[in-house]
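Note sheet for the following structure.
Taken together, the values in this text are just the output of simple stated rules run on the coordinates, not laboratory data. These figures come from a predicted structure and were not determined experimentally. Using ideal geometry, Cβ is built from the backbone for each residue, glycine included, and neighbour counts are taken over all protein chains shown.
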Amino acid sequence: MRLLLSALVLVACGRNDAATPPPPAKADAEVKRVELAEIDAPHHDPASMAGSEDQFLVVQTKGSLSATLNGVVTRFEFLPTGANAAILKEDKGIARVSIGGAPTSKASTMIELSLEGVRLDQLTLPATIPTAAGEEKAGPRARIDYTIGEQKRWRSEAGGTVVIESYVGKRVTGTFAGKLVPRTAAFGPPIDVTDGNFDVELRLNGAPPGPS
């Protein structure tokens, strides 16, 4: 009888110690690709924002963006409208152009070109805009950022360039190059960016379009 009770206790303990089965793997969210021309207000249109909770709406602009990173050709094929814009607010002294993209709509990697103090409609083309080491530089200046996830970031040093070659309507084309250094050495080595090319349609926020 004592042996039987001991066996029952051991079985019960074994059941209590059993590992909880892992939850089922969640499938990747369905991605809806929506061209900018298909909706009137990409960030607020109720029809485009409607959908089940497991769907992710992405809005992209037209164009192409690529660069060679440490010898590896990388194409950033997803161009979000929020990262490709020309902004002009003269009353606040803001003239900014941003160009950016990710390899896919689900990628956590992104490259961004930021041009401060730049009005595309007033440039003499081609125009070369140098990268600055800090924010203190006056006049037109460029910055190249490369990010992985929310934390890992590389930023351009002085000596790089962004060249605007043409600006027609909302479309801007050009090239870029530079050396990017990590925010901390733990993220990895610097990144040499060469053969950067962009040809994108911008969202114009107060900025005049180029000649047609």
Worksheet item: Does residue 145 satisfy the condition of being surrounded by fewer than 19 Cβ atoms within 10 Å (Cβ to Cβ) and under 18 Å from the mean Cα position of the chain (by Cα)?
Response: yes
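If I filter segment 204-211 for residues that are in contact with a Phe, Trp or Tyr (Cβ under 9 Å, 6 or more places away or on another chain) and within 25 Å of residue 71 (Cβ to Cβ), do I get at least one hit?
Within segment 204-211 (the criterion being in contact with a Phe, Trp or Tyr (Cβ under 9 Å, 6 or more places away or on another chain) and within 25 Å of residue 71 (Cβ to Cβ)), the answer is no, since none of the residues qualifies.
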Worksheet entry | Hits in segment 96-109 (condition: in contact (Cβ under 8 Å) with a residue 24 or more places away in the chain and surrounded by fewer than 19 Cβ atoms within 10 Å (Cβ to Cβ)) | 103, 104, 105, 106, 107, 108, 109
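Out of 92, 152, which single residue is without any contact (Cβ under 8 Å) to a residue 12 or more places away in the chain and out of contact with any strand residue (DSSP E or B) (no Cβ under 7 Å at 6 or more places or on another chain)?
Checking each option against the conditions leaves just 92.
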Worksheet item: Do you know which residues across segment 68-89 are in contact (Cβ under 8 Å) with a residue 24 or more places away in the chain, farther than 16 Å from residue 172 by Cβ and of a type in the set (A, V, I, L, M)?
Response: 69, 73
